[in-house]
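Asks: Let me give you the structure first, and then I'll get to my questions.
The values are calculated or read from the model by the stated rules, or taken from the named source; none is laboratory data. Source: prediction; values computed, not measured. Quick reminder, even Gly has a Cβ in these numbers, built from the backbone with ideal geometry, and neighbours come from all protein chains shown.
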Amino acid sequence: MLRRGFLKFLVATPLGRFLSGVLAASTSSLAIYFHVSHTDVKRGAAGGERVIALPYPRLRGSVSVEEALANRRSVREFREEPLTLEELGQILWAAYGISEVTYGLRTAPSAGAQYPLELYAVVGERGVEAQGGFLTPGVYHYDPHAHTISLRKEGDYRRELYHAALDQIWVLTAPVSLVFTAVYSRTARVYGERGRVRYVPMDLGHAGQNVYLQATAMGLGTVAVGAFYDEEVARILDLPAEETPLYIMPIGRPLTRYRLAEDELVRYFERRRRR
Ligand SMILES: Cc1cc2nc3c(=O)[nH]c(=O)nc-3n(C[C@H](O)[C@H](O)[C@H](O)COP(=O)(O)O)c2cc1C
């Protein structure tokens, strides 16, 4: 009875919603912290998992939000050039990194601060330049709390991923593809079915747009790919059963740059206002 009353308070009042967000944030970030410090480090020692510290993210850039919004386009043709480790780190941070250090809140909003998404980078052969060489090709998992990636599976899996994505060639030609997955239960345990069908996809949209905007601001390009065989992607990435793949986002240097000129946009509006 008391429990039901407390739950009602948590969801039905503004103060309750605020508190549930804060509680959720603190417990989930603690859980993630311990997950990383125990599970991953142990597995790293036993299984030879390699952990790579990413360069710290830059919090200043030279492109305004307005310019990034205006010049963002889905990019499907990439140059045959690697990303740098700095670029990969910056994109991962923008996607789902830490932007608040008390509760471990992220660059993307998340319902109840439950952070249901996990983020992987599928790195191709010579896909990422690092310290005068290249990152070992493979599937890397991003740890936002340490801003590191750990190698989960060695090998160039771009061709397999491309086939899993219905032969969309940009998945093969991009030097790196990010893969977002979701652990639905993180959000569903707080919000039930509404969390599952509404909030998790909304969370994904926010993080995906962060990738688009950060890529655009850095002169890189991406495209959100939602068409793929889930089971195939899960197999390629060796995903745990609780994780569902949601987006593949190939990242690379665009073959051509899209630029919107202000006067072009003004002419567009004026023509429509005259109608
Ligand atoms: C949920 C979702 C799924 C998408 N899936 C694909 C896809 O599988 N392949 C692809 O090439 N583009 C995909 N796109 C990109 C859209 O085609 C693109 O956003 C749209 O054509 C508008 O172009 P713009 O992004 O340049 O504004 C997807 C976009 C969204 C939001």
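Asks: Mind listing whichever residues of the stretch 137-160 are touching a helix residue (DSSP H, G or I) at 6+ places or on another chain (Cβ under 8 Å) and assigned to a strand (DSSP E or B)?
Replies: Applying the first criterion (touching a helix residue (DSSP H, G or I) at 6+ places or on another chain (Cβ under 8 Å)) to the stretch 137-160 yields 139, 142-147, 149-150, 152-153, 157-160.
Within the stretch 137-160, V139, Y142, D143, I149, S150, R152, K153 qualify.
Asks: Additional query: Checking the structure you have, find out if any residue of the stretch 163-178 is within 14 Å of the ligand (Cβ to nearest atom), charged (D, E, K, R), surrounded by fewer than 16 Cβ atoms within 10 Å (Cβ to Cβ) and more than 21 Å from P55 (Cβ to Cβ).
Replies: Scanning the stretch 163-178 turns up at least one residue that is within 14 Å of the ligand (Cβ to nearest atom), charged (D, E, K, R), surrounded by fewer than 16 Cβ atoms within 10 Å (Cβ to Cβ) and more than 21 Å from P55 (Cβ to Cβ).
Asks: Residues in the stretch 141-162 that are away from the ligand (no atom under 16 Å from the Cβ) and closer than 12 Å to G124 by Cβ: how many? If you could, list the steps in order and put the result at the bottom.
Replies: Filtering the stretch 141-162 for residues away from the ligand (no atom under 16 Å from the Cβ) gives 141-157, 159-160.
Pick out the ones that are also closer than 12 Å to G124 by Cβ and you get 155-157, 159-160.
Residues in the stretch 141-162 being away from the ligand (no atom under 16 Å from the Cβ) and closer than 12 Å to G124 by Cβ: 5 in total.
Asks: Of the conditions (1) within 25 Å of R159 (Cα to Cα); (2) within 16 Å of the ligand (Cβ to nearest atom), A121 clears all except one; give me its number.
Replies: Only one criterion in (1) within 25 Å of R159 (Cα to Cα); (2) within 16 Å of the ligand (Cβ to nearest atom) is unmet by A121, namely (2).
Asks: Here's a follow-up. What are the pairs, 6+ residues apart or on separate chains, where a residue within the stretch 203-224 that is more than 16 Å from V171 (Cα to Cα) has its Cβ under 6 Å from a residue that is within 12 Å of the ligand (Cβ to nearest atom) and assigned to a helix (DSSP H, G or I)?
Replies: T216/N71
Asks: Something else about it: Do the conditions hold for Y120, that is, is it crowded, with 23+ Cβ neighbours inside 10 Å, assigned to a strand (DSSP E or B) and modelled with pLDDT of 95 or more? Before the answer, list the steps.
Replies: Details: crowded, with 23+ Cβ neighbours inside 10 Å: yes; assigned to a strand (DSSP E or B): yes; modelled with pLDDT of 95 or more: yes.
Judged against the criteria, Y120 is a match.
Asks: If I ask for residues that are among the aliphatic types (A, V, I, L, M), out of contact with any Leu (no Cβ under 8 Å at 6 or more places or on another chain) and farther than 30 Å from E67 by Cα, which ones from the stretch 214-243 would you list? Quick ask: steps written out before the conclusion?
Replies: Taking the stretch 214-243 as the starting set, the residues that turn out to be among the aliphatic types (A, V, I, L, M) are 215, 217-218, 220, 223-225, 227, 233-234, 236-237, 239, 241.
With out of contact with any Leu (no Cβ under 8 Å at 6 or more places or on another chain) added as a condition, the list becomes 215, 217-218, 223-225, 234, 237, 239, 241.
Hits for the stretch 214-243 are A234, L237, L239, A241.
Asks: Oh, and also: When the stretch 46-93 is examined, which residues are found to be touching a residue at least 40 places away in the same chain (Cβ under 8 Å), under 22 Å from Y120 (Cα atoms) and among the acidic types (D, E)?
Replies: E49, E77, E80, E81, E87
Asks: For the stretch 236-256, which residues satisfy the criterion of being closer than 19 Å to R76 by Cα and more than 12 Å from the chain's Cα centre (by Cα)? Show your work before the answer.
Replies: Of all residues in the stretch 236-256, those closer than 19 Å to R76 by Cα come to 246-256.
Selection gives G252, R253, P254, L255, T256.
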